[in-house]
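See structure below.
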Amino acid sequence: MSERYAAQTTVRAAFLVVFVVVLVGGCRGRVRSTSAPVAETRVGVVDLQVVTRAHPRWQELDAVAQQLQDVQAQLALLPVAPAMPEADVQRALALEARQLQGELDKELAFLKQDSERRLEAFADGLRTEQAAKVDQVRQELEAEGDREILAKRDELRGQLHAAEQSIRDEYRYPLLNLRLRAEVAGLTSEEEAKQLQRQVQALQDEREQRIAAKADETQKAFVEFQKAKEDEINAKLKTAQGAVQAEAQRRLLVRQQELQEELRHTAAGLAQGPVRGRQGAFAENLGERNRRLRAEMVSLQEQRVRLEDGILAEVKIEIAAIAQDRKLDVVLTRFVTNVAGIDITSDVVQKLKR
């Protein structure tokens, strides 16, 4: 924000000094003299420029002030509407007609720039809207894909568990028979025991290999399903992006044609008819733009005042609260010099940022 606007805001904030002095005095319950504070008086100092700039809504206020300056600059650049000439003053009419032509050329150039600015603003809005739509579609597709992938994972886990149980059941009796053979029939030699142990181990290894193979098969199936689902989501998202982009381009083209037609109509209205008619149309057009810009300026000024009042009100509350907590009798701003005091600027800034 410019220094001029900062100075205006600081001058406006000067009213805060009186408020804080009265409020702090009320909190301490003593009547304050208007003379200089005595030695035991606790004086606080706050830099209003710093604390107001630290307010969370300062950027919004700065943006409004910049918009207001832009509108004021546009008002300053508006050409003065030509006066209607007397019908019997032909020479004055011809001179004014030449002057009017120059003003018309300026107005047409201004209208063209304004049309381009409005089209760019519309395009920015379309881009924002397009990004939001695509993001929404992405979120919906990803959520749906996650649900389907989780459901498929649970399904495959159930199938794998059932397959593992089936394989274990298949090998349970052969392994049990080998163990019963050793326990019931007895073993005649150490070699026979080793052979029987090798048979048991072979069956167990075969069982585990089949279970591992089934697990690998299930994992592979899940990975393939997951990749296929991701490809499907990406394809749907690409299709949605294309549709949204095509719709945005169509709307942009329609808006461009509308603005071009509006510009052509305005230019024809300014240029058609006798000089007197052109002057009247031009003056009417200038008057309408002047009224619109002034209405916009008043609205921005009111918005700026509301923001300033809101910011200053919150600053007043925080300063008063800190003054009461730190038992300050008086709080002054940087406008007062040669007064020693406790600087509470950083404390106010911290409270505003919370």
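The values are calculated or read from the model by the stated rules, or taken from the named source; none is laboratory data. All figures in this text were calculated on a predicted structure; none of them were measured in a lab. Virtual Cβ from ideal backbone geometry, glycine too; neighbours counted across all protein chains shown.
Might you let me know whether the range 115-129 holds any residue that is of a type in the set (Asp, Glu), assigned to a helix (DSSP H, G or I), exposed (fewer than 15 other Cβ atoms within 10 Å of the Cβ) and in contact (Cβ under 8 Å) with a residue 24 or more places away in the chain?
Filtering the range 115-129 down to residues of a type in the set (Asp, Glu) leaves 116, 120, 124, 129.
So of that shortlist, the ones also assigned to a helix (DSSP H, G or I) come out as 116, 120, 124, 129.
From what is left, the residues that are exposed (fewer than 15 other Cβ atoms within 10 Å of the Cβ) are 116, 120, 124, 129.
If we keep only those that are in contact (Cβ under 8 Å) with a residue 24 or more places away in the chain too, we end up with 129.
Yes: the range 115-129 contains one or more residues that are of a type in the set (Asp, Glu), assigned to a helix (DSSP H, G or I), exposed (fewer than 15 other Cβ atoms within 10 Å of the Cβ) and in contact (Cβ under 8 Å) with a residue 24 or more places away in the chain.
Within the range 222-269, being in contact (Cβ under 8 Å) with a residue 24 or more places away in the chain and over 30 Å from residue 111 (Cα atoms) holds for 222, 225, 226, 229, 230, 232, 233, 236, 237, 240, 241, 244.
Given the condition on the phi < 0 side of the Ramachandran plot, among the small types (Gly, Ala, Ser), crowded, with 17+ Cβ neighbours inside 10 Å and modelled with pLDDT of 85 or more, answer yes or no: does some residue in the range 303-320 qualify? Scanning the range 303-320 turns up at least one residue that is on the phi < 0 side of the Ramachandran plot, among the small types (Gly, Ala, Ser), crowded, with 17+ Cβ neighbours inside 10 Å and modelled with pLDDT of 85 or more. Within the range 163-175, does at least one residue satisfy the condition of being of a type in the set (A, V, I, L, M) and either in contact (Cβ under 8 Å) with a residue 60 or more places away in the chain or loosely packed, with under 13 Cβ neighbours inside 10 Å (or both)? No. Counting residues in the range 199-221 that are surrounded by 13 or more Cβ atoms within 10 Å (Cβ to Cβ), assigned to a helix (DSSP H, G or I) and touching a residue at least 60 places away in the same chain (Cβ under 8 Å) gives one or more.
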